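The numbers here are math on the coordinates, done by the rules we state, and not lab data. In this text the structure is predicted, and so the values were computed from the model without any measurement. Every residue, glycine as well, gets a Cβ built from its backbone with ideal geometry; the counts of neighbours run over all protein chains shown.
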């Protein structure tokens, strides 16, 4: 059995052994939501990489796989619901841990609003297309946020089971269309140049900038870590879910992106880049209106799945920061279902506010793309920090290996520097150009908060990142007690 131990006392615990490997895999797959990536993010990627989008996806998958390896190694050593927050605190220090959690409030926090805005718009469009009834997008967005918040409040096990069902259904529906397009040669035959960088609209700069959107498509692959305290044998099952989800979705993304490119034709990639529903368009073109409706329903399924996963992950990050009292302690309170109900209510309310603000400012689809770009930029500094954290952690604990914990983190770090640079140069235009600076401003505010916290209560810094998942004696059903952390 297992127990949550901090360095001073036993803390409130999430429900143990609530899910197994399928549930952990469902969490990562649902948050990634491969169908959402293909249906809605593919056009954003094509707008930068052009017909070389499949090549960009392959390179992007390798980068994400490197990060998945680093997180899998860290999860084996320090499993816990805090993900990067816990890892960076353990490897670099408490202030870095807090700053990580602070950036996660953007990186994870925006996932609910951006997907809720898209969901409202997408459902409203389908209702108008099928039934010729016009409905506003925003009540639909509010309703889905309330629904997924309620599901997360009641049970992580039920949420993950529902997520797995949604993921399987959506992948099958879209997968059939992808195979059909490729077998029939798309609009004008096969074009293997799509798997080279030669078709990029903006050269290597376009490949680099597209990686920000590719990371957006993969966003949340690490979310299975947030439920590690509720997963059976997390040191084994969570790393499998991490690596497995990236490999499966990476292959799916590259093949589906190729189907989109040849479906439109490499000389018409501009139409793909400007489309708000490219796969639905191709479904009607190649398989008829009936199958286009099936693809739209798969899109609804995909968005529900990613919203469930996004809210579940966000609640747990707030929960960890709350129980360690670097955010209001109320976030660490658990309901009778062993779920963080205060975090559920607060995040749900904030999601509604941000969804409406961004949706009315940019339009719901514009909110999806712009907030997604910002969220990806918010998580990249965290990725850089975790590479350094693994190196420092293994050096301090005598488990360092030059290849596993030296070379691989270094290569990964360099990999993620490139898209950060290309997000600023060449100048991408507004509002995207403002996102890196907004991230910097948010980080500066985080530095001010942690500085103030350290001055008022230095002892509060000591516990940051210290509450992790420890093993118990298999013969003893009670917690180990108040022992120190063991790494």
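Between segment 39-95 and segment 355-392, what is the C-alpha centre distance in whole Å? Their Cα centres are 12 Å away from one another.
Packing-based ranking of 108-121, 362-375 yields 108-121, 362-375, ordered from highest to lowest mean Cβ neighbour count within 10 Å.
Take the Cα radius of gyration of segment 17-159 and divide it by 2.2 N^0.38 Å, N being the number of residues; the result is 1.28.
Roughly speaking, what is the centre-to-centre gap between segment 239-278 and segment 165-213 when only Cα atoms are used, to the nearest Å? Centre-to-centre (Cα) distance: 4 Å. Each principal axis of the Cα cloud of segment 2-471 was taken in turn, and the coordinate range along them, longest first, works out to 65, 48, 39 Å. Principal axis extents of the Cα atoms in segment 339-381, from largest to smallest and rounded to whole angstrom, are 32, 29, 11.
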